[in-house]
Structure formats: C-alpha cells, structure tokens
1. Which residue, chosen from Ser357, Ala402, Tyr368, occupies the Cα position most advanced towards the positive end of the dipole of region 350-546, where the dipole is computed from +1 (Lys, Arg) and -1 (Asp, Glu) charges on Cβ about the Cα centre?
2. Please work out the Cα center distance from region 686-704 to region 765-830, rounded to the nearest Å.
3. Work out how much length Ala605 to Ala496 would gain on full extension: take 0.36 nm times their residue separation and subtract the Cα-Cα distance, in nm to one decimal.
4. Farthest toward the dipole's positive end in the chain, which of Pro728, Val219, Met204, given Cβ charges of +1 (Lys, Arg) and -1 (Asp, Glu) about the Cα centre?
5. Based on Cβ point charges of +1 for Lys and Arg and -1 for Asp and Glu, what charge dipole magnitude is obtained for the chain about its Cα centre, in debye rounded to the nearest 20?
6. Kindly provide the chymotrypsin sites (Phe, Trp or Tyr not before Pro) of region 641-727 that DSSP labels as loop, not H, G, I, E or B, and whose Cβ sees at most 10 other Cβ atoms within 10 Å.
7. So who's got an amide H within less than 5 Å of the one on Lys568, skipping anything under 5 residues away but keeping other chains? H placed 1.01 Å off N, in plane.
8. By average Cβ neighbour count within 10 Å, what is the ranking of 789-802, 328-341, 306-319 from highest down?
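What follows is calculated from the coordinates using simple rules that are stated; it is not laboratory data. Predicted model, so just to flag it, every value in this text is computed and none were measured. Please note: Cβ atoms are built from the backbone with ideal geometry, for glycine as well, and neighbour counts cover all protein chains shown.
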Amino acid sequence: MATNVQQQPTQAPQASWHDRPVEEVLQALKTAPAGLSQDEAGARLKSHGPNRLPEGRKRSVLVRFLLQFHNILIYVLLGAAIVTALLDHLIDTAVILAVVIVNAVIGFIQEGKAEKAMDAIRQMLAPRANVLRDGERCSVDGEALVPGDIVLLEAGDKVPADLRLLSAYGMSVQEAILTGESVPVEKRIEAAAADAALGDRAGMAFSGTLVASGQGRGVVVATGAATEIGRISSLLSTVEILTTPLVRQMGVFARWLTVLILLIAALLLAYGYFLGKHEFSEMFMVVVGLSVAAIPEGLPAVLTITLAIGVQSMARRNAIVRRLPAIETIGAVSVICTDKTGTLTRNEMMVASVVTSQHLFGLDGTGYEPKGAIRLDQADVDAREHAVLGELARASALCNDAALRERDGVWAVEGDPMEGALLAFSGKLGTEVRRHQAGWTRTDAIAFDSQHRFMATLCHDHQRHAFVFVKGAPERIVAMCRDQRAAAGGSEPLDAGYWNREADRIAARGQRVLAFAVRAVPPEHTVLEHSDVEGTLTLLGMVGMIDPPRAEAVAAVQECHGAGIRVKMITGDHARTAAAIGAQIGLRDPDSALTGADLDNMNDAALKAAVLDCDVFARTSPEHKLRLVMALQSHGMIVAMTGDGVNDAPALKRADAGIAMGLKGSEAAKEAAELVLADDNFASIVSAVREGRTVYDNIKKVISWTLPTNAGEALSIIVALLFGMTLPVTALQILWINLITAATLGIALAFEPTEENTMRRPPRARDESLIGGELVWHIVLVAVLFLCGVFGIFSYALDKGYSVDLARTMALNTLVAMEIFHLFFIRNIYGTSLTWKAVRGTRVVWATVIAVTAAQFAITYLPPLQAIFATEPIPLADGVLIFGVGVALFALIETEKQIRLAIKRARGALAGAGT
C-alpha cells in the first residue's frame with residue numbers, strides 16, 4: 001500500500017544510509033515497499049527540488065555584453081569618442097562608437113554558442129527512471145525523483161539517484177565514475193560497516209552509475225546535489241580556470257601596444273601644437289586618426305569570433321568546447337593520454353576466438369550484429385560441419401540473461417555486454433537465438449557470483465530433454481568437468497593441460513576467456529543444486545572475447561604520430577588486454593606496458609624517465625593518471641587527458657586540455673574538463689586537435705593581416721605630420737577604413753579551412769611566441785610598402801593637378817586595395833599563394849571582398865557619402881593604377897616569402913645532412 005505522509009523527510013548525508021538495515025531506512029524516509037503516492041511525491045518534489053545537478057553559475061546577458069568592452073584597446077577608443085564629442089566632431093564620435101559596438105555585438109553573439117552546445121549535451125544525458133507510485137510501476141523523468149521513491153533497476157539502466165537497495169538478484173553495478181574501479185561491483189542488501197569505503201558499500205547504488213547485470217530495487221535516499229556525485233561535483237565547481245598561453249600573450253601585447261600608441265600620440269600632439277603651431281582641435285583629430293589607425297580595435301572581437309567558429313566546427317565533429325581559449329590549447333598538445341574502453345575501442349564485446357578439443361576458430365563481424373564469418377586456418381568454414389560449434393551456440397544462448405534488439409539497423413544489447421556478445425556468437429554459428437530460446441524452458445538457475453565464478457541454467461525442451469548448461473572462468477569450469485566433447489561427437493577423457501594452455505594462449509591476445517560445459521539430466525530433474533555441477537560436466541569449449549578497437553581510432557593514432565603527437569593509453573584493464581589493444585591500434589612498443597603496481601614502486605624521478613618510453617599503462621587508478629600527467633608536463637609537454645569519472649577530475653584539471661566523455665562521463669568530470677566528447681571516440685579528439693591547429697593558424701593570420709595594415713595606416717599619418725606634409729587621408733577616412741575592413745576582411749580569415757600540411761607539422765613549443773621575429777619583420781616590411789603606396793599615389797595625384805580631396809580619395813582606395821591583396825597573401829602562411837586554389841579563395845573571402853569593394857565605390861561615387869567623407873570620383877585610368885599598386889604589393893611580399901621559405905628549407909636540409 002502506498003503511503004501518504006504529510007511530514008517531509010530530509011535528505012541525510014550518504015554516510016547515514018549504507019550502515020542501516022533496510023527496515024530502518026524505510027521507516028526513516030516514511031515510505032513503504034509499494035512506493036509513494038503521486039500526491040506525496042509531488043509534495044516532496046516541491047520540498048527537495050528537482051533531481052538534477054546544479055548548473056554552474058552563469059553570467060547574465062548584460063554582464064556578458066559589458067565584458068565585450070573589457071579590453072584596454074577598447075578603453076582608448078571610448079576615451080577618444082568622449083573627447084571628439086566634447087569637440088563637437090559628432091560624425092567622428094559616431095563612427096568610433098560604431099566600430100566599438102559592432103565589435104561588441106559580434107563577440108557577444110558568438111560567445112554564447114559554446115554554452116548552448118553544452119546545455120544540449122546535458123539535456124541529452126537526462127535519464128528516466130522506473131518507479132512504484134501508488135503501488136503501480138510507472139516511468140518518470142529522472143528529475144522528478146524524490147527521497148522515499150522506490151526505483152526498479154534492470155541491467156543497462158543508469159542509476160538515477162542514490163539508492164539504498166531493498167533487493168538485488170545477480171545485480172552488479174559499474175561504479176568506475178566514482179571509484180575508478182573498472183570491474184562491476186556485486187550488490188546485496190546487507191548493511192555495510194559504518195566506516196566502509198565508497199566502493200565497499202554493497203547495499204548502495206549511486207547516482208550516475210550503470211547497472212551491468214541482474215535486477216533489483218531500492219529506495220531513493222538522496223537526489224540532486226545531495227548525492228555522492230553531486231557532492232563531489234559541487235566541490236569541483238569552484239575550481240579556478242587557468243589562463244592559456246594565447247590569452248596571456250594577447251593581454252601583454254594589448255597593454256604594451258596601447259602604451260606605445262598613447263606615447264607616440266602624446267608626443268605628436270605636443271609636437272604639432274607647440275612646434276607646428278597647429279590648432280589643438282585640429283591636432284587632436286589628427287592624433288585620434290593616428291590612434292584609430294594604429295589600434296587594432298577589431299582584434300579582440302575577431303579573435304573571439306575565430307575561437308567561436310572553432311567551437312562550431314568542433315561541435316560538428318562531436319567535440320563540445322566549454323571554454324573558448326581551450327581550442328588554442330588542444331591545438332598545441334604534444335601528447336594525448338586516453339582511456340581504452342569506449343574511446344579507442346567500440347565498448348562492444350565480441351567473440352573473436354573459439355577453442356574446441358581439436359581446433360582454434362576465429363570469428364569476425366561488426367558489433368552485436370549476429371552475422372560474421374567463421375575461420376579455421378584463415379579459411380572460412382561452415383559451422384554445421386563441426387557439431388560441437390552447434391552445442392556451444394546452444395549453451396551460449398541458454399546460459400544467458402541478456403537480449404539482443406535491432407533498432408534502425410543497429411544491434412544493441414540489453415543486459416551484460418559479454419552475454420550480448422555470446423548471443424551474437426550464437427547467431428553467427430547459424431542459431432536463430434529467439435527461436436532457440438523459445439523452444440526451451442529454464443526451470444532453475446544458479447546465478448553468477450564472485451565466489452563460485454560460474455553461472456548455470458537447467459533447461460527443458462518439448463521433447464523431454466533436459467540439460468544443465470554452465471559457463472564461467474576457464475580454470476573453474478575445467479575443474480568441474482570429468483570429460484570433454486570429442487570432435488566426432490560423444491565424450492573423451494578430459495585433457496586439462498590442453499585447455500589450460502589454450503586459455504593462456506587466448507588470454508595472451510588480450511581476450512577475456514569463458515569456458516562452457518554441459519550435462520544431460522533426467523527430464524524430471526527440476527531443481528538445480530551446486531552438487532549437480534561439481535565434477536559431473538562435459539567440457540564443450542572456450543571462447544575468447546574482446547572489445548575490438550574502433551577502425552577510425554587506428555587511423556587517428558597514425559595521424560597523431562604523423563603530427564608529432566604521442567598517444568598513451570591509460571586504462572584500468574589488465575596488462576595483457578591493454579597490450580593487445582595497443583598493438584592493434586598502432587601504439588609504440590605496447591609489450592612494455594607498465595601497471596599501476598609498477599608506478600607505485602617508482603619515485604617521481606624514475607617515473608619522469610619511464611613515462612617518455614612507455615605508451616601503455618594498465619591497472620591504473622585516477623591517482624596514477626595525475627602522476628602521469630605531471631610527469632609528462634615536467635618534460636615541457638602540453639598534455640591532453642581523457643576521463644569520465646569523478647575521481648578523474650584531478651587529472652583533468654591538471655592537464656593542459658582536459659577532455660571528458662559525454663556519454664559515460666560524470667557531470668563532475670565535465671565540469672573539470674575544457675572539452676566534452678559527445679561520442680566518446682578517440683577520432684573526435686584528433687579532429688579537435690586538427691581544428692585547434694587550424695584555429696591557431698587562423699588567429700596568426702588575423703594578427704599577421706591586422707598589425708601590418710594598421711601599422712601602414714599609422715605610419716602614413718606620422719610621416720606626414722613629422723615632415724609638415726598634407727595628410728594623405730583624414731581621421732574620418734581612417735575611421736571608415738577600420739570600420740569597413742576590420743569588421744569584414746579580418747573576420748574572413750577566421751573562416752579559413754585547414755591547410756593541407758596542418759597535421760604533418762610537429763606541435764608548437766609551449767613557450768612559442770605568437771608574435772615572433774618573422775611577424776615583426778613582416779609588419780615592418782608591409783608598413784613601409786603601404787607608406788610607399790599611399791604617398792606614391794597621393795603625390796602622383798597632386799602632380800597631375802588633382803584637388804587634395806581627390807588625391808586623398810585615391811590614397812584611401814589605395815589603402816583598401818593593398819589590404820585586400822594583403823588578405824590573399826596572408827591566407828597561405830606555410831606555402832605559396834600563387835595557386836588556383838589560393839586565388840579561388842572561399843565564399844567568405846569573396847563575399848567580404850565584394851562587400852568592401854561595394855562600400856568603397858559607395859563613398860567614392862555617391863554624393864551623400866562624398867559630402868560626409870570629403871571624397872571625389874576617381875577616373876577609370878587612375879582606378880586601374882590603384883589596382884596595379886595592390887598587385888605590386890602582392891608580388892613583392894610573395895617573392896619575399898618564397899625567398900624566406902627557400903632559405904628555411906636549405907637550412908633544414910643542411911641540418912638533416914649534418915645529423
């Protein structure tokens with residue numbers, strides 16, 4: 001009968017439930033085995049709140065928008081806008097504010113997309129639960145669970161809240177996300193000791209863990225933040241987010257650039273006012289023009305947009321970025337430490353080997369699909385030619401509690417993955433599993449437990465045949481047998497030595513070995529006792545099962561090696577299994593695997609030396625992961641680390657790029673990580689690295705385009721002012737150039753695709769400067785060329801007797817033309833720009849070029865804009881000349897780049913010959 005109690009219980013800490021008898025727990029929670037009533041559950045939901053982990057504190061929309069202005073370069077522009085407004089130069093003020101606001105709006109819109117992607121993952125993972133309400137079974141959303149609810153659990157279910165178990169039948173739970181233990185924990189209802197460790201609380205089922213086998217029911221004792229995983233998650237939510245090299249470098253660069261620009265502006269203002277005897281307002285507007293020309297005010301927004309575009313590209317490749325600067329970090333990794341199960345492998349068990357008394361068969365196939373070839377000595381065989389294979393198929397199907405289901409062409413297992421693999425194995429041997437199971441009735445069974453290490457079923461068919469089918473650990477099953485199945489049928493004496501050697505042989509391949517045996521019993525035998533199987537069985541054979549590597553992971557590992565990135569597998573699995581998978585996916589020297597016990601015997605110095613040579617680490621704990629990350633970082637490596645459990649959080653936080661699993665990962669792991677994999681696939685990590693390198697390249701391209709063009713604009717004003725010449729462009733025209741080009745041409749570089757050799761370059765060094773010697777040289781070269789082009793056209797126009805306004809119009813358009821040709825040059829910083837692919841560009845590049853060209857035609861030829869910007873129409877012949885100046889700039893800087901690349905290649909060849 002359902003209870004309906006008015007007084008609400010409170011959620012107590014987990015420690016107060018695991019050591020209490022079931023009856024006392026039910027009494028304390030004021031509930032009954034039949035569950036709560038719907039009314040009572042609703043009342044408790046209002047009291048306790050939804051069963052979900054609290055989301056991290058989010059900034060308000062207003063704060064996010066205001067933070068777009070939190071940049072010293074923007075502060076300078078805002079100051080200039082205030083002063084120009086006080087001087088009644090309202091058009092200049094409007095243009096400056098337009099530049100600032102456009103940058104802020106673009107950055108604000110793009111920045112929120114990563115949070116939306118993460119929210120989508122959180123919604124995708126929300127579980128449902130089967131509960132008893134009003135004494136009847138029903139399915140409710142996991143968020144609606146309350147303390148006192150009775151939850152029904154079956155194999156494959158995710159535990160939706162912390163439960164004190166009331167019953168457990170052959171039930172085991174995968175608790176790796178909390179304890180790091182890869183082996184499922186068997187559950188029972190007895191109370192544990194008060195001081196029992198988390199992994200020893202067998203009477204508890206914790207939120208977020210997975211039921212591996214069996215079934216049971218439990219009463220909810222904690223929900224949401226009060227659960228064990230919620231408690232640890234709340235502690236991790238306070239972790240400080242460390243800055244990345246890119247953010248740090250850009251902050252330092254912005255401060256020093258601002259100081260330099262303000263210093264130069266102040267000196268020029270003083271020079272023009274005191275020595276040049278110019279009006280203060282006139283000089284101030286010139287200085288404003290200089291400041292606007294020199295300050296790359298669009299750079300913060302363009303960098304944010306570049307990172308945000310990387311977020312979207314990664315999301316399409318199943319890598320969700322939680323923090324924008326992490327993209328730059330993932331692109332710089334020099335070593336990836338990855339889990340095995342589900343990341344490098346399919347997380348789908350498959351029978352790969354079958355041993356009979358005379359043969360060793362091999363099997364192939366895909367996942368749990370019950371189709372695949374059977375091979376003997378590399379040749380396909382018909383299972384019907386070997387009668388013992390049919391018996392193994394029958395035993396695999398009948399000594400089994402799992403089920404296979406096909407949905408939309410994909411086969412999935414309900415229950416234990418190993419038993420699902422056995423059903424698929426039966427199908428591959430020609431057995432129609434459902435029909436076979438329907439023809440037999442299970443009369444009794446002995447459930448598997450860790451003490452006797454076998455499972456047995458007693459089955460009867462309609463022809464009054466009865467058999468006991470047994471499966472279990474090879475050494476245990478061999479000890480329970482008195483004979484073995486002969487190849488021709490019948491029985492023959494047991495050769496225990498042969499079976500033990502074959503079991504070791506399969507295990508050496510990294511496969512988990514199960515043995516199968518059978519015994520015929522009289523049809524009236526309906527009760528199965530342990531005495532019925534001890535020493536009375538006939539051994540049929542053994543199977544070896546493995547979680548096969550993902551085909552895409554093999555290719556991804558090879559791609560990492562080509563990119564100079566080491567891949568290290570860190571798993572809780574056995575060393576032989578880890579070494580076998582390591583060999584299959586192409587890790588270097590997998591046979592030299594180190595175990596957690598080996599690591600415990602090493603001090604930090606020994607581990608630092610060993611970690612470079614070993615790529616496979618087995619039977620490791622989360623503490624070992626943390627030590628391995630620190631050891632790799634001590635060599636100056638940038639480390640990416642994968643993890644899914646709460647206990648993985650320290651290593652995820654310590655790693656330069658923490659990567660959490662989106663499907664099997666805990667919220668605590670995601671909170672500690674910078675990236676979340678939506679498909680838990682290693683290939684997605686490599687895609688993220690490729691995208692990270694692309695983003696970094698594009699950031700370098702944006703900077704390499706922005707700084708030289710800004711320097712060229714500023715240098716034109718400085719030279720004119722110092723030598724008492726007429727300004728080739730006005731302050732307002734400079735503002736126009738920065739508004740129309742920085743908001744378009746610069747952003748176009750953010751959409752550049754990955755260059756062909758991106759994953760054939762070694763990782764960049766941790767301390768590599770974003771603005772190195774080559775960029776400084778490029779800034780100087782392009783600034784001087786811009787100066788020559790602007791003053792050359794300006795002087796040419798004056799010599800022809802054109803008005804100053806027309807000369808400035810031509811100089812203005814020359815600046816824009818050179819910026820466009822400089823854009824096409826900078827798109828290929830690692831190779832030649834003189835290819836059809838480079839000229840063809842991308843849709844974004846040509847869209848921005850067309851937009852900028854149209855805007856320039858507008859201010860040059862439309863009378864209303866001519867009045868505002870003091871421009872005049874340019875004759876056609878002079879327009880061609882301006883275009884020619886852009887071509888000349890491109891030819892000069894491309895020639896310089898090819899000379900520089902040729903010198904680099906020659907030096908590399910000499911260095912290679914020297915070694």
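1. Ranked along the dipole, the leading option is Tyr368.
2. 25 Å
3. Roughly 34.6 nm would be gained on extension.
4. Toward the positive end, the furthest listed residue is Pro728.
5. Working: 84 positive and 96 negative charges, 321 e Å.
Here the size comes out at about 1540 debye.
6. Values: sites: Phe682, Tyr696, Trp705, Phe723; in loops: Phe723.
Sites meeting the loop and neighbour criteria: Phe723.
7. Ile336, Cys337, Thr338
8. 328-341, 306-319, 789-802
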